[in-house]
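The values are calculated or read from the model by the stated rules, or taken from the named source; none is laboratory data. From a predicted model like this one, the values you see are computed outputs, not experimental measurements. Positions of Cβ are generated from backbone atoms using ideal geometry, with glycine treated the same way; all protein chains shown enter the neighbour counts. For the accessible areas, the whole protein counts, side chains as well, though only heavy atoms, and no ligand, DNA or RNA atoms are used. Shrake-Rupley method; radii C 1.70, N 1.55, O 1.52, S 1.80 Å.
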Amino acid sequence: MNAYAKYFTKKFFWYFLTLLIAVTLNFVLPRLIQGNPISMIAAQMTQGMTDSDSIKKVYETFTKEFGVDKPIGTQFVIYIKNLFTGNLGTSFGLYPKQVTDILASAVPWTIGLQLPAILIGWILGNILGAVAAYKRGVFDKVLFPAALFVNSIPFFTLAIIMLFIFGLTLHWFPLAGGYDYQMMPQLSLDFFISVIRHHTLPFLSIVIVTIGGQAIGMRQMSLYELNSDYVLYSKLLGIRDSKIAKYVFRNAMLPQITGLALSIGTMVGGSLICEIVFSYPGIGTWLFTAIRQLDYPLISGCTLLIAATVLLANFIIEIVYGLVDPRIKAAQMEDQ
């Protein structure tokens with residue numbers, strides 16, 4: 001087995017094991033929350049009813065339908081079987097709506113918000129950090145303190161600040177939602193403009209914090225590389241600065257790629273809180289609603305989707321890292 005195969009097999013094993021643990025915790029943890037969601041549903045369905053036998057029958061019907069009358073081990077086996085068929089269950093709080101239908105409507109909003117924000121913030125942060133390290137001077141003296149300050153602000157704190165300034169005070173952007181509530185989703189210019197206006201504040205709150213953290217990391221790694229012996233030796237040989245900068249940037253990017261893989265889970269978590277702040281119709285808002293309503297199936301569906309997405313993103317980044325890491329290439333050459 002060559003170096004690449006060993007590397008990818010090892011990574012796949014550990015990510016698969018992590019996924020199994022995540023699935024188990026995803027089932028167990030929501031059921032440790034105090035409270036009885038069936039009682040909440042039965043109370044809503046039996047409002048105005050006075051017959052105790054009828055109320056009891058409604059309670060027993062929902063208990064049997066959701067399977068919470070079975071032992072926890074049996075519930076877990078049923079849960080695993082349903083996962084293989086793509087069945088995440090029926091929402092308690094939005095009965096009889098299926099969890100898969102709720103997530104299907106929320107995922108496009110979350111992807112449309114988080115994926116561009118995280119990637120753009122990561123790219124811009126690395127570029128600014130590399131330029132600050134290479135140019136030094138006034139640019140570095142201004143950028144580094146600004147990036148350090150922005151990076152210290154949590155996602156949701158910046159979201160609240162921006163919502164207060166640009167939403168409540170200046171009235172430049174709407175306060176909540178993914179589009180104007182009086183509009184129906186459709187392929188039209190007015191609807192598209194409404195989506196962009198609602199998208200702007202949560203998008204910027206994620207991008208700005210991401211830029212700050214990535215700029216600091218890239219600046220430090222670039223300074224380390226610029227002070228390395230191979231840079232000094234290259235300058236003594238008369239190699240052009242542009243070519244040296246190319247190798248410096250490439251070597252400094254390797255830890256940043258790993259950093260993206262390690263921090264993407266934190267980014268996603270912070271971004272979901274931003275959705276809650278802006279009542280954005282994504283997974284974060286639905287997860288918050290599910291927790292308030294003790295909606296086990298919806299909680300499990302949201303957290304499982306988040307865990308699987310973070311693991312998949314990390315695994316893809318690990319593969320990319322393996323393809324560009326010179327140490328793995330060197331091991332491959334030794335095998336040959």
| field | Folded to 0 to 90 degrees: helix 52-66 orientation relative to the chain principal axis, Cα | value | 30
| said: How far apart, in nanometres, would the label points at Lys246 and Ile21 be if each is projected 7 angstrom from Cα along the Cα-to-Cβ direction? | reply: 4.2
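Keeping every protein chain in place, order His199, His171 by accessible area at 1.4 Å, biggest value first, i.e. largest first. Each step should come with its number before you reach the end.
Numbers: His199 35, His171 135 Å².
Listed by decreasing accessible area, they come as His171, His199.
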| note | For the chain, longest principal axis from Cα atoms; helix 326-335 axis from its Cα atoms; angle between them, nearest 10 degrees, is 80
| note | Computed over the chain, protein heavy atoms only, probe 1.4 angstrom, the accessible area per residue in square angstrom equals 57
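Among Trp109, Trp14, what's the order by accessible area (1.4 angstrom probe), most exposed first?
If we order Trp109, Trp14 from most to least accessible, we get Trp14, Trp109.
Tell me, what % of the accessible area of the chain is carbon and sulfur with a 1.4 angstrom probe? Walk me through the numbers on the way to the answer.
Values: 13220 of 19140 Å².
Carbon and sulfur atoms account for 69 percent of the accessible area of the chain.
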| note | In degrees, nearest 10, the alpha-carbon axis of helix 241-277 is tilted away from the dominant principal axis of the alpha carbons of the chain by 20
| remark: The size of the Cβ-based charge dipole (Lys, Arg +1; Asp, Glu -1) of the chain about the Cα centre, to the nearest 20 debye, is 940
| Cα-based Rg / Dmax (Å) for the chain | 25.1, 93
